[in-house]
1. Where Rh is the Kirkwood radius over the Cα pairs of the stretch 286-406, the temperature 25 °C and the viscosity 0.890 mPa s, what D in µm²/s does Stokes-Einstein return?
2. Rounded to two decimals, what ratio of Rg to Rh does the stretch 102-162 give with C-alpha atoms and a Kirkwood Rh?
3. For helix 260-285, report the angle its Cα long axis makes with the longest principal axis of the Cα atoms of the chain; keep it between 0 and 90° and round to the nearest 10°.
4. Stokes-Einstein diffusion coefficient for the stretch 346-403 at 37 °C in a medium of 0.692 mPa s, Rh from the Kirkwood formula over Cα pairs: what value in µm²/s?
5. Roughly what % of Cα-Cα distances in the stretch 228-332 sit above 20 Å, to the whole percent?
6. What ranking of Ile157, Ile131 emerges when the number of other C-beta atoms within 10 Å of each C-beta is taken as an exposure proxy, fewest first?
7. Using a 10 Å cut-off around each Cβ, can you sort Phe305, Phe380 from fewest to most neighbouring Cβ atoms?
8. Which of Lys143/Lys333; Lys82/Lys143; Lys289/Lys333; Lys13/Lys121 have a Cα-Cα distance over 20 Å?
Amino acid sequence: MTETKETTAGWRKGLTRNVVILGFVSLLNDGASEMIYPLMPVFLTAVLGAGPEALGVIEGIAESTASLLKLYSGYLSDRVKKRKGWIVAGYALSNIIRPLIAFSTSWLHVLALRFSDRVGKGLRTSPRDAIIADSTPAAFRGKAYGFHRAMDHSGAIVGPLAATALLLLYHDNLRTIFLLSVIPGVLAVGMLLFGLKETPAAGPKASAPSAVFSFRSSLREMPLGFQKFLFIILVFTLGNSTDAFLLLRAQQLGVPVTLLPMIWVVLHIVKMAFSVPGGIVSDRVGRKKVIVAGYVVYALVYAGFGAATEHWHAWALFAAYGIYFGLTEGVEKALVADFAPPHLRGSAFGLYHLTIGVGAFPASLLFGFVWQRFSSAAAFGMGAGIALLAGVLLSLLNIKKPETAA
């Protein structure tokens, strides 16, 4: 393990230079992204005339594309034992493409740009998650991933706040807001270029990279417990559609368009508040208990969205939804790092993200179909039931405590 000499007492105990740098990069990048994302459902439906099914297609394809590339970039970063280049390229591509949504005149244009944006996400995510594990002592993995997620969510607070102010300044001109998102994006890429240090992974030297990648052979290199965990993640993801549907539901419940960025802020304040504590608790009591608790919270929130009738219900449910993220996002990644052999961490994170992507596309399509053909209550009820099923399956999985995991 390298970089442990950089750990200090207090809040930074266990947090190395790379973890802190990547945290601030995520703050800036998500600040840029979240100037756009909360407004996307309104832009698609009110400006471009698209419906819920188009929203499901766009988000499903975008996230599935990213997840496929996360697998391959993680695999290659293991083979060449270099991760920084992938991270820089991925952030740069996304922050060049994302503001161009301002020029869209059709939902198909948005689809193409979201696809390109997610290519950037696919290039950077697995190498980034792996370099956090490479740079962090095992006893602090939950805290490190929780810190990264907390900084990510801090950006998701700043972004919508900036969007709200700019909406007032530019009289609800969404296209101008999208263009201005380039500013924090450029700052994020600059911080990466000059701040992030390459940290080679420990373990035996991997074979030379090959253009032919085998999913099955990569999966077989992983422990059986990790393979079972991936199946449970797939089950949960099938009920976890894009959060854009939650924003659409909030709008239906009477939340004004100008306040949609603010309800997004409420969500991310709670995410930020619970991410580090969730990670620290998982370091002490084990990942499984914390993740199962998160799945239960998710099920209750989705059931609530299905039954909601007042606009204040949306605010309360978005706040509760943030608790789910605090209990699962960083903790799931810490569990992946616990399972993965050190020299295959990029591949392990790639498999994890691919599993989520495989489930994301049908999840969003199915949710949009059920909503449009039946009702929002039926769609949210379906998501709640699948989450409970995944929680039961995970509770039955035998997982070592973090301090004894390989």
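Computed from the coordinates by the stated procedures, all read-outs in this text should not be read as laboratory data. As the structure is a prediction and not an experimental result, all values here were calculated from the model. All Cβ positions, even for glycine, are placed from backbone atoms using ideal geometry, and neighbour counts span all protein chains on display.
1. Numbers: Rh = 15.8 Å.
Roughly 155 µm²/s, to the nearest whole number.
2. On the way: Rg = 16.0 Å, Rh = 14.1 Å.
My calculation puts Rg/Rh at 1.14.
3. Result, in degrees: 20.
4. Values: Rh = 13.6 Å.
Reported coefficient: 242 µm²/s.
5. Values: 2205 of 5460 pairs.
That fraction is 40 percent.
6. Numbers: Ile157 21, Ile131 27.
The fewest-first ordering by Cβ neighbours comes to Ile157, Ile131.
7. Details: Phe305 24, Phe380 27.
Least crowded to most crowded, the residues run Phe305, Phe380.
8. On the way: Lys143/Lys333 11 Å; Lys82/Lys143 24 Å; Lys289/Lys333 15 Å; Lys13/Lys121 29 Å.
The answer is Lys82/Lys143; Lys13/Lys121.
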